[in-house]
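Enquirer: This is the structure I have questions about; it appears just below.
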Amino acid sequence: MPNPSILAFRNGKLVLPNSTVEDAVIIARNGVIEYAGAAKAPLPKDAIVVDARGGFIAPGFVDIHVHGGEGADFMDGTVQAVRTAIRCHAMHGTTTLFPTTTTGTPEQIEAMLQATAIAKAQWTPQHGARIAGVHLYGPFFAPDKVGCHRLDGRRDPTRAEYNRYFNSKIVSVATCAAELPGADAFYKAARKHGCFITCGHSNANWTEMERAFRYGMRHVDHFWCAMSSVVSLRTRCGTPMQASMEQFVLANIEMSTEVIADGCHLSDELLHFAFRMKGASRLCLVTDSSRALDMPPGRYRFGDNRDGEWFLSDGQVGRSIDGNGLASSIAGMDRMVRVMVRATKAPLHDIFRMASLTPAERVGIASECGSLEPGKRADILLLNKKLHPRRVFIGGVEMI
Ligand SMILES: [Zn+2]
Ligand SMILES: [Zn+2]
């Protein structure tokens with residue numbers, strides 16, 4: 001009689017952080033990995049055997065920047081919306097994620113935090129991807145870099161507002177544009193609450209980035225999107241021309257960043273360039289996916305469904321209503337991985353690392369997840385040879 005708490009994965013190519021192993025085996029007991037490596041005989045007699053059918057056995061994805069999916073945005077502020085989105089992303093191979101806020105009123109952001117906290121407290125693997133914490137992303141954006149987000153929902157950080165969010169204890173990634181008045185105090189508070197600190201939707205110059213770095217900022221959201229450049233700083237600061245967030249991230253080995261590798265936001269050569277410059281341990285793949293993931297092309301709202309900014313999904317990517325700007329991805333992490341393989345031709349273990357271990361390390365959860373190693377959760381993907389997820393296990397429980 002097989003014991004449902006013991007799983008033995010076999011007949012697949014195992015993706016580890018620094019290598020791949022042909023014809024590998026993983027043994028998981030009570031949702032935790034006990035062994036991952038070359039096939040060794042015999043498997044535990046009472047294990048349930050899971051056949052990878054000659055495909056890949058890879059770690060579940062970790063997404064630190066994600067807004068929604070299957071019609072739901074985390075900013076809708078309901079437990080149902082959270083559940084819809086985490087289930088949708090699990091079907092694309094994400095097993096851990098950080099629901100991400102956008103611009104909106106303090107009440108809307110608090111409703112999102114509350115709904116996420118309830119969904120997290122009641123979570124079971126059958127609900128979908130595990131919620132590791134909230135990414136407080138909006139509302140502290142620079143006015144000239146709001147992108148597709150509602151402009152009147154952005155503001156400068158104030159202690160009274162962000163302390164309410166931090167005191168909810170669910171925020172674990174915190175974004176603020178470095179040039180905003182009050183940004184230093186925001187970073188300080190975020191650090192005190194143990195957050196991973198990032199700068200995004202910002203037109204910051206080198207000096208402001210250096211200052212933010214001293215306060216603990218170590219990451220920049222979606223590289224090349226809604227961030228400063230030498231040219232944008234010339235408009236803001238005049239001459240002599242100044243170094244931007246781009247130069248700061250590329251020059252500083254402690255800084256990480258992320259790319260939206262959906263094939264629509266950034267060309268293959270930019271994706272390859274980011275990988276060459278930062279390497280697999282400082283570059284994360286994120287979906288930054290909106291509610292339009294797995295939905296038909298059409299008009300959708302970014303953020304709260306009642307008053308968020310409209311955008312268009314053309315079936316490949318989100319675009320602003322005027323068609324000029326990009327408005328987030330509509331892809332799951334599996335597509336990001338496939339596009340990175342094409343764009344970089346990098347070893348597969350490096351590509352998977354950027355979608356799993358690297359984000360887990362950056363936010364401080366790598367002891368629990370992010371790679372298939374003994375002692376970590378059995379968050380396991382089986383993918384076919386073309387890297388489409390076939391089966392998804394979260395803590396040893398299969399998502400169906
Ligand atoms: Zn953004
Ligand atoms: Zn975003």
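The values are calculated or read from the model by the stated rules, or taken from the named source; none is laboratory data. None of the values given here were measured: they were computed from a predicted structure. Please note: Cβ atoms are built from the backbone with ideal geometry, for glycine as well, and neighbour counts cover all protein chains shown.
Matching residues to (1) assigned by TED's automatic domain parsing to the domain that holds ILE33; (2) of a type in the set (Val, Ile, Thr); (3) without any contact (Cβ under 8 Å) to a residue 24 or more places away in the chain; (4) buried (at least 24 other Cβ atoms within 10 Å of the Cβ):
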| position | (1), (2), (3), (4) |
| --- | --- |
| ARG319 | no, no, yes, no |
| LEU326 | no, no, no, no |
| ARG338 | no, no, no, no |
| VAL341 | no, yes, no, no |
| LEU357 | no, no, no, yes |
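Enquirer: Could you check, for the stretch 116-126, whether at least one of its residues is in contact (Cβ under 8 Å) with a residue 24 or more places away in the chain, of a type in the set (Ser, Thr, Tyr) and within 16 Å of ligand 2 (Cβ to nearest atom)?
Expert: Checking the stretch 116-126: at least one residue is in contact (Cβ under 8 Å) with a residue 24 or more places away in the chain, of a type in the set (Ser, Thr, Tyr) and within 16 Å of ligand 2 (Cβ to nearest atom).
Enquirer: Can you give me the number of residues within the stretch 190-211 that are in contact with a strand residue (DSSP E or B) (Cβ under 6 Å, 6 or more places away or on another chain) and away from ligand 1 (no atom under 13 Å from the Cβ)?
Expert: Of the residues in the stretch 190-211, 4 are in contact with a strand residue (DSSP E or B) (Cβ under 6 Å, 6 or more places away or on another chain) and away from ligand 1 (no atom under 13 Å from the Cβ).
Enquirer: Is it true that ALA111 is among the small types (Gly, Ala, Ser), more than 16 Å from ligand 2 (Cβ to nearest atom), on the phi < 0 side of the Ramachandran plot and in contact (Cβ under 8 Å) with a residue 40 or more places away in the chain?
Expert: Spelling it out, it is not the case that ALA111 is among the small types (Gly, Ala, Ser), more than 16 Å from ligand 2 (Cβ to nearest atom), on the phi < 0 side of the Ramachandran plot and in contact (Cβ under 8 Å) with a residue 40 or more places away in the chain.
Enquirer: A follow-up question, please. Can you tell me which residue is nearest to CYS176 (Cα to Cα) among those in the stretch 215-235 that are away from ligand 1 (no atom under 14 Å from the Cβ), surrounded by 15 or more Cβ atoms within 10 Å (Cβ to Cβ) and of a type outside the set (Ser, Thr, Tyr)?
Expert: Selected residue: MET217.
Enquirer: So which strands (runs of 3 or more DSSP E) stay within the stretch 1-113 end to end and still have 3 or more residues that are within 17 Å of the chain's Cα centre (by Cα) and modelled with pLDDT of 95 or more?
Expert: Of the strands (runs of 3 or more DSSP E) lying wholly inside the stretch 1-113, those with at least 3 residues that are within 17 Å of the chain's Cα centre (by Cα) and modelled with pLDDT of 95 or more span 61-66, 94-99.
Enquirer: Please work out which residue is farthest from ligand 2 (Cβ to nearest atom), limiting yourself to the stretch 76-91 and to residues that are under 22 Å from VAL259 (Cα atoms) and crowded, with 23+ Cβ neighbours inside 10 Å.
Expert: ALA90
Enquirer: Here's a follow-up. Return the pair list, or none, for Cβ contacts closer than 7 Å from residues in the stretch 279-292 that are on the phi > 0 side of the Ramachandran plot and touching a residue at least 24 places away in the same chain (Cβ under 8 Å) to residues that are among the aromatic types (Phe, Trp, Tyr) and assigned to a loop (DSSP other than H, G, I, E, B), at least 6 apart or on different chains.
Expert: none
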